[in-house]
Amino acid sequence: MYNKNDLIKIKNAIRKNIGKKITLVSKKNKKDNNIQKGSIISVYPSVFVVRFDIDSKNNFDKLTTYSYIDLLTKSIELFLCSCK
């Protein structure tokens, strides 16, 4: 069971890293993951917004929202990126 303090810690960590480059790993299924690079651009009470880098297939930035619960339940994982 998760407690409220865990969620507060996640929200604070996301808030501190607005604008920083990240690598986001989302779980497609048990054996397959989707790895993307981008940056956290804004936070809201229930969700945060990630702008993914332009890829070779699409010629535009992709914005996606995630809930803090996604991190808590490990549906997604975020890693700070040292890339430029």
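Every listed requirement among (1) free of Cβ contacts under 8 Å to residues at least 40 places away in the same chain; (2) assigned to a loop (DSSP other than H, G, I, E, B); (3) out of contact with any strand residue (DSSP E or B) (no Cβ under 9 Å at 6 or more places or on another chain) is met by Ile54 save one, (3).
Just one residue in the set Ile22, Ile35, Ile41 is in a strand (DSSP E or B) and either in contact with a Cys (Cβ under 8 Å, 6 or more places away or on another chain) or among the charged types (D, E, K, R) (or both); that residue is Ile22. Residue count for the range 1-18, restricted to those that are assigned to a loop (DSSP other than H, G, I, E, B) and either surrounded by 15 or more Cβ atoms within 10 Å (Cβ to Cβ) or modelled with pLDDT of 95 or more (or both): 2.
Given the options Asp32, Asp6, name the one that is of a type outside the set (A, V, I, L, M, F, W, C) and either in contact (Cβ under 8 Å) with a residue 12 or more places away in the chain or touching a strand residue (DSSP E or B) at 6+ places or on another chain (Cβ under 7 Å) (or both). Steps first, answer last, please.
Values: Asp32 fails: either in contact (Cβ under 8 Å) with a residue 12 or more places away in the chain or touching a strand residue (DSSP E or B) at 6+ places or on another chain (Cβ under 7 Å) (or both).
When all the criteria are applied, what remains is Asp6.
Please state which one of Ile76, Ile54 is surrounded by fewer than 14 Cβ atoms within 10 Å (Cβ to Cβ) and either at pLDDT 95 or above or not polar (S, T, N, Q) (or both). Quick ask: steps written out before the conclusion?
On the way: Ile76 fails: surrounded by fewer than 14 Cβ atoms within 10 Å (Cβ to Cβ).
None of the other options fit; the residue is Ile54.
The values are calculated or read from the model by the stated rules, or taken from the named source; none is laboratory data. Source: prediction; values computed, not measured. Because the Cβ atoms are built from the backbone with ideal geometry, glycine has one as well, and the counts that use them run over all protein chains shown.
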